[in-house]
Amino acid sequence: MKALAIQNLRKTYDNGFEALKGIDLDVESGDFFALLGPNGAGKSTLIGIISSLVNKSSGQVSLFGHDLDRDNANAKRCIGLVPQEINFNQFETVRNIVLNQAGYYGIPRRQAMPRVEHCLKQMDLWDRRDMVSRRLSGGMKRRLMIARAMVHAPRLLILDEPTAGVDIEIRRSMWQMMQTVNDQGATIILTTHYLEEAESLCRRIAIINNGEIIETSAMNSLLGRIQTDHFVLDMATPLASPPVIAGYTIELVNRSALHVAVPKALGLNPLFHGLTAQGIAIVSMKNKSNRLEQLFIDLVQ
Amino acid sequence: MTIHTVAFNTILIKEIRRFARIWPQTLLPPAITTALYFLIFGRLIGERIGSVSGVSYMDYIVPGVILMSVISHSYANVVSSFYSTKFQHHIEELLVAPVPNAVILAGYVCGGVARGILVGGVVAGIARLFTPIEVQHWDIALAVLVLTATLFALAGFINAVFADSFDAISIIPNFVLTPLSYLGGVFYSLAMLPPIWQTIARGNPILYMINAFRYGLIGVSDVDVTLAFQMTGSVIVLLIVFSLILLHKGVGIKN
């Protein structure tokens with residue numbers, strides 16, 4: 001079953017800016033889906049329309065078979081949204097923010113209480129339940145928005161840059177949480193500028209640019225298209241000029257490090273044979289950039 | 001309890017908790033201000049004025065002062081709360097959820113009505129310290145109280161929908177509501193005005209509400225009470241329809 005089906009979706013703002021130019025997109029139920037694109041590509045407009053925060057100009061959107069125009073209430077019940085910007089009442093307590101959201105979804109207070117406790121505990125916020133939300137740290141505020149989005153147990157959780165501006169420890173715990181939620185059966189759509197996040201978590205990917213979907217595929221097949229890997233090699237002794245090895249493009253990053261473009265067809269063994277033959281000892285190596293990042297740049301440029 | 005009832009209760013309770021939490025800003029000022037009105041206008045100046053329409057001046061001004069407080073507080077509650085909801089973007093909590101527009105409107109308006117009536121009760125309590133008013137027509141007084149609070153809560157909601165700054169939510173209360181309330185016969189009878197001003201004053205809708213409430217409380221009115229109810233009811237229906245159209249189109253709250 002399709003969690004999300006979008007056909008010919010267009011959005012033109014009052015100032016004439018065409019943010020979406022006829023988008024078609026399907027997300028299967030249970031998927032962990034990455035929606036990537038540079039700033040201003042149309043990601044937030046697309047998410048805004050799916051979650052009823054932005055009026056579309058034309059096109060169809062349906063969620064788990066519920067059309068957003070004709071069956072709006074049932075469509076909305078399927079979604080939980082974690083927006084990019086903090087958007088809760090800064091003067092309300094943590095517990096009441098989540099409790100009120102449950103109320104908006106029609107869950108009576110008594111029934112919502114255990115669910116609120118579960119979500120806040122899952123986000124490690126239960127100890128802060130009576131704290132006024134504006135006193136929370138940045139990472140806690142983001143976790144509160146996730147707890148709020150999950151309180152009605154949505155079948156589709158949309159996370160719009162949930163890890164922006166949070167430290168690596170919190171980011172890792174949020175990755176774990178997203179994975180757990182997905183494992184429990186919820187479909188997840190993630191937008192992020194951290195491409196390693198998308199690469200490690202998501203099974204399918206769509207890339208949007210200038211209001212159009214320019215790529216939709218499985219993450220593995222997309223990564224499979226990469227023909228060249230880029231590595232940085234740290235050398236035991238400095239060099240004045242880069243070595244020459246047939247088939248590889250090698251540059252000096254500095255006197256003690258090399259940047260090597262490695263064609264997949266050749267692999268790494270001939271490179272190390274060549275380096276060893278020239279008496280160059282390598283002490284460590286790393287990917288210059290993550291693989292998806294390179295593809296992303298190639299696609300949107 | 002239906003899901004819409006749960007959503008309505010959630011908004012209403014949130015609104016009531018909001019103005020109760022900031023009671024020094026919402027409930028205390030009208031008590032102090034109106035106590036000064038009753039002391040200065042009712043007691044000190046009123047004793048020199050004598051009777052108006054057959055009642056003491058203190059008794060004459062009590063209904064208008066109560067209703068003036070109801071008007072300003074029912075309006076202020078909705079305009080500030082709903083604008084703040086927009087400003088902090090937590091209106092999005094409601095927009096993403098399956099809450100019908102009518103429930104959103106009803107929740108906020110009833111929150112404003114609750115504050116208006118509570119403030120009206122506080123002011124009435126203060127008035128009782130100055131004069132022992134015996135209510136003449138409870139049904140009319142209560143109906144006018146609720147309808148007036150509803151009308152101005154709706155007006156506050158519409159103001160908040162269009163507002164794009166904190167200045168925009170203070171312009172109408174300061175430059176429209178306050179002058180119309182003072183010129184709506186709170187402190188004087190229409191009969192005390194020259195004929196031309198009597199005609200102009202009859203164009204002020206607040207005059208009808210204040211006089212209808214005055215009739216309910218002390219049995220005195222300058223206008224036809226039935227006409228006052230018809231006017232208030234009609235305006236409420238118009239404001240409800242207009243508010244729902246604004247919400248449906250997403251004016252001021254959706255891109």
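The numbered conditions (1) modelled with pLDDT under 90; (2) open to solvent by less than 20 Å² (accessible area, probe 1.4 Å) are all true for B:ASN174 except (2).
Can you tell me which residues in the range A:229-265 are over 14 Å from A:ILE282 (Cα atoms) and more than 35 Å from the chain's Cα centre (by Cα)? Those that are over 14 Å from A:ILE282 (Cα atoms) and more than 35 Å from the chain's Cα centre (by Cα): A:ALA240, A:SER241, A:VAL244, A:ILE245, A:ALA246, A:GLY247.
Yes or no, residue by residue, for (1) within 14 Å of chain B (Cβ to nearest Cβ); (2) touching a Gly at 6+ places or on another chain (Cβ under 8 Å); (3) more than 21 Å from A:ALA186 (Cα to Cα):
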residue: A:MET1; (1), (2), (3): no, yes, no
residue: A:ASN8; (1), (2), (3): no, yes, yes
residue: A:GLU18; (1), (2), (3): yes, yes, yes
residue: A:LEU36; (1), (2), (3): no, no, no
residue: A:ILE50; (1), (2), (3): yes, no, no
residue: A:ASN72; (1), (2), (3): yes, no, no
residue: A:ALA102; (1), (2), (3): yes, no, no
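Just one of the listed residues (B:ALA7, B:ALA31) is away from chain A (no Cβ under 13 Å) and part of a helix (DSSP H, G or I), and it is B:ALA31.
The listed residues are A:SER200, A:SER217, and the only one of them that is under 19 Å from A:LYS43 (Cβ atoms), small (Gly, Ala, Ser) and surrounded by fewer than 15 Cβ atoms within 10 Å (Cβ to Cβ) turns out to be A:SER217.
Enumerate the helices (runs of 4 or more DSSP H) found wholly within the range B:73-192, keeping only those where 3 or more residues are closer than 17 Å to B:PHE19 by Cα.
Numbers: elements: B:91-96, B:101-130, B:138-162, B:178-182.
Because the criterion is at least 3 residues that are closer than 17 Å to B:PHE19 by Cα, the helices (runs of 4 or more DSSP H) in the range B:73-192 that meet it are B:101-130, B:138-162.
Scan the range A:91-114 for residues that are surrounded by fewer than 20 Cβ atoms within 10 Å (Cβ to Cβ) and under 26 Å from the mean Cα position of the chain (by Cα) and the total you get is 0. Inspect all residues belonging to the range B:87-105 and state whether any of them is over 22 Å from the mean Cα position of the chain (by Cα) and on the phi > 0 side of the Ramachandran plot. Yes: the range B:87-105 contains one or more residues that are over 22 Å from the mean Cα position of the chain (by Cα) and on the phi > 0 side of the Ramachandran plot.
Would you be able to tell me the number of residues in the range A:258-278 that are β-branched (Val, Ile, Thr) and more than 26 Å from A:GLY224 (Cβ to Cβ)?
Of the range A:258-278, the ones β-branched (Val, Ile, Thr) are A:260, A:262, A:276.
The next check asks that each one be more than 26 Å from A:GLY224 (Cβ to Cβ); those that pass are A:276.
Residues in the range A:258-278 being β-branched (Val, Ile, Thr) and more than 26 Å from A:GLY224 (Cβ to Cβ): 1 in total.
Are any of the residues in the range A:40-48 open to solvent by less than 60 Å² (accessible area, probe 1.4 Å), out of contact with any helix residue (DSSP H, G or I) (no Cβ under 8 Å at 6 or more places or on another chain), within 11 Å of another protein chain (Cβ to nearest Cβ) and under 18 Å from A:ALA186 (Cβ atoms)? Checking the range A:40-48: at least one residue is open to solvent by less than 60 Å² (accessible area, probe 1.4 Å), out of contact with any helix residue (DSSP H, G or I) (no Cβ under 8 Å at 6 or more places or on another chain), within 11 Å of another protein chain (Cβ to nearest Cβ) and under 18 Å from A:ALA186 (Cβ atoms).
Please report, ordered by residue number, the strands (runs of 3 or more DSSP E) entirely within the range A:32-85 with at least 1 residues that are of a type in the set (Ser, Thr, Tyr).
Fully inside the range A:32-85 and qualifying: A:58-63.
In the range B:2-15, is there at least one residue being touching a Lys or Arg at 6+ places or on another chain (Cβ under 6 Å) and of a type outside the set (Phe, Trp, Tyr)? No, that holds for no residue.
If we keep just the residues of the range A:65-87 that are under 21 Å from the mean Cα position of the chain (by Cα) and touching a residue at least 60 places away in the same chain (Cβ under 8 Å), which is most open to solvent (accessible area, probe 1.4 Å)? If you could, list the steps in order and put the result at the bottom.
Residues of the range A:65-87 that are under 21 Å from the mean Cα position of the chain (by Cα), as a first pass: A:78-87.
From what is left, the residues that are touching a residue at least 60 places away in the same chain (Cβ under 8 Å) are A:78-84.
On the way: A:CYS78: 7, A:ILE79: 8, A:GLY80: 1, A:LEU81: 21, A:VAL82: 3, A:PRO83: 14, A:GLN84: 57 Å².
For the range A:65-87, the residue satisfying everything is A:GLN84.
In the range B:119-142, is there at least one residue being modelled with pLDDT of 95 or more, of a type in the set (D, E, K, R) and crowded, with 23+ Cβ neighbours inside 10 Å? No, that holds for no residue.
Any chance the range B:95-102 includes a residue that's away from every other protein chain (no Cβ under 14 Å), touching a residue at least 24 places away in the same chain (Cβ under 8 Å) and under 27 Å from B:PHE229 (Cβ atoms)?
No, the range B:95-102 contains no residue that is away from every other protein chain (no Cβ under 14 Å), touching a residue at least 24 places away in the same chain (Cβ under 8 Å) and under 27 Å from B:PHE229 (Cβ atoms).
If you check B:SER165 against the conditions, is it over 17 Å from B:VAL65 (Cβ atoms) and exposed (fewer than 14 other Cβ atoms within 10 Å of the Cβ)? Judged against the criteria, B:SER165 is a match. For the range A:130-145, the condition holds for at least one residue, the condition being that it is in a helix (DSSP H, G or I), more than 14 Å from chain B (Cβ to nearest Cβ) and buried (at least 23 other Cβ atoms within 10 Å of the Cβ).
Looking only at residues of the range B:14-28 that are surrounded by fewer than 17 Cβ atoms within 10 Å (Cβ to Cβ) and within 19 Å of B:ILE91 (Cα to Cα), we find that the one that is farthest from the other protein chains (Cβ to nearest Cβ) is B:ILE16.
The values are calculated or read from the model by the stated rules, or taken from the named source; none is laboratory data. All values reported here derive from a predicted model rather than from experimental measurement. Cβ atoms come from the backbone with ideal geometry, glycine included; neighbour counts cover every protein chain shown. Keep in mind that these areas ignore ligands, DNA and RNA; they rest on the heavy atoms of the full protein, side chains included. Shrake-Rupley method; radii C 1.70, N 1.55, O 1.52, S 1.80 Å.
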